[in-house]
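S.K.: Here it is: the structure, laid out below.
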Amino acid sequence: SWEMPLSDCTSLQRIWTNLFEMTKDGKKGVVDSQGNVKVPIENTEITKFHDGVALVLSSNRIVGLLDSIGVFNKFDSEYFTLDGQEFFSDGYLTVMNKKGQKGYIDFDGNPMGFERKYTRIKPFTEGYAAAFHGNQFSLVDKNLVAIPIKIGIGTVTRGTNMYNGKSVVWD
């Protein structure tokens, strides 16, 4: 049991076994069950945990990530979330850098794929991700090597991520 002065936050809500989201003046942070501040109250959002981590956001800029034991890894580089993809999947997060290029980062914030100039990307599932160059669809592995896809006639322009070892594609 611990006490926190009421002036330190206006609300406190459990977000994981021993982690609590603090809110004050519209800003959010995280404290553990011992009262130790893990993430300072200066962010706009702490996402739900997925794959053992939650994103710490300031607007749509990713400040860093918080793991389920309360370790906060603040990122040095600026990355931004992609709509509806604010979660790690298969160890990677789909993001946009400050130049507007889409790519992936790992748990440490290491970048991958920005030089490929993807127009659209999806999260990794079962070791593969859907990636687009213009209208050209491909499935890429975690080394960003495109998996050859052959279908009837035409170019593969759409497809889905992997699910139970399969992906649906069309031209």
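S.K.: Can you find even one residue in the range 144-151 that is under 20 Å from Phe88 (Cβ atoms), open to solvent by less than 40 Å² (accessible area, probe 1.4 Å) and modelled with pLDDT of 85 or more? Give the derivation first.
M.R.: To start, the set of residues in the range 144-151 that are under 20 Å from Phe88 (Cβ atoms) comprises 144.
Still in the running and open to solvent by less than 40 Å² (accessible area, probe 1.4 Å): 144.
Next cut, modelled with pLDDT of 85 or more only: 144.
Yes, there is a match, as at least one residue in the range 144-151 is under 20 Å from Phe88 (Cβ atoms), open to solvent by less than 40 Å² (accessible area, probe 1.4 Å) and modelled with pLDDT of 85 or more.
S.K.: Take Phe49 and tell me if it is touching a strand residue (DSSP E or B) at 6+ places or on another chain (Cβ under 8 Å) and open to solvent by less than 50 Å² (accessible area, probe 1.4 Å).
M.R.: yes
S.K.: Considering only residues of the range 51-68 that are of a type in the set (A, V, I, L, M) and more than 15 Å from Val37 (Cβ to Cβ), which is nearest to the chain's Cα centre (by Cα)?
M.R.: Of everything passing the filter in the range 51-68, Leu55 is nearest to the chain's Cα centre (by Cα).
S.K.: Could you figure out which of (1) farther than 20 Å from Glu45 by Cβ; (2) part of a loop (DSSP other than H, G, I, E, B); (3) open to solvent by 50 Å² or more (accessible area, probe 1.4 Å) isn't true of Phe107?
M.R.: That leaves (1) as the condition not met.
S.K.: Only one of these conditions is not met by Asp83: (1) closer than 22 Å to Ile46 by Cβ; (2) surrounded by 15 or more Cβ atoms within 10 Å (Cβ to Cβ); (3) at pLDDT below 95. Which number is it?
M.R.: Every listed condition holds for Asp83 apart from (2).
S.K.: Considering (1) at pLDDT below 95; (2) touching a Phe, Trp or Tyr at 6+ places or on another chain (Cβ under 6 Å), say which one Lys117 fails and leave the rest.
M.R.: If we test Lys117 against (1) at pLDDT below 95; (2) touching a Phe, Trp or Tyr at 6+ places or on another chain (Cβ under 6 Å), just (2) comes out false.
S.K.: Same structure again: Specify the residue that is modelled with the lowest pLDDT; the eligible residues are those in the range 1-17 that are open to solvent by 50 Å² or more (accessible area, probe 1.4 Å) and closer than 19 Å to Phe72 by Cα.
M.R.: Residue satisfying both the conditions and the ranking: Leu12.
S.K.: Here's another thing I want to ask about it. May I ask you to list the residues in the range 53-68 that are touching a residue at least 24 places away in the same chain (Cβ under 8 Å) and surrounded by fewer than 17 Cβ atoms within 10 Å (Cβ to Cβ)?
M.R.: Across the range 53-68, the qualifying residue is only Ser68.
S.K.: Hey, any hits in the range 9-27 for a residue that's in a strand (DSSP E or B) and under 24 Å from Asn97 (Cα atoms)?
M.R.: yes
S.K.: Here are the criteria: (1) part of a strand (DSSP E or B); (2) closer than 23 Å to Asn43 by Cβ. Tell me which single one Phe132 does not satisfy.
M.R.: Result: Phe132 fails condition (2) only.
S.K.: I'd like to verify a number: residues in the range 104-129 that are in contact with a strand residue (DSSP E or B) (Cβ under 6 Å, 6 or more places away or on another chain) and farther than 16 Å from Phe87 by Cβ, how many?
M.R.: Adding up the residues that qualify gives 8.
S.K.: I would also like to ask the following. Identify, by number, the condition in (1) modelled with pLDDT under 90; (2) open to solvent by less than 70 Å² (accessible area, probe 1.4 Å) that Ala131 doesn't meet.
M.R.: The single condition Ala131 does not satisfy is (1).
S.K.: Within the range 81-103, work out how many residues are touching a strand residue (DSSP E or B) at 6+ places or on another chain (Cβ under 8 Å) and among the charged types (D, E, K, R).
M.R.: 4
The values are calculated or read from the model by the stated rules, or taken from the named source; none is laboratory data. In this text, all values refer to a predicted model and were calculated from it rather than measured experimentally. Here the Cβ is made from the backbone with ideal geometry for all residues, glycine too, and neighbour counts use every protein chain on show. Surface areas here come from the heavy atoms of the whole protein model, side chains and all, with no ligands, DNA or RNA. Shrake-Rupley method; radii C 1.70, N 1.55, O 1.52, S 1.80 Å.
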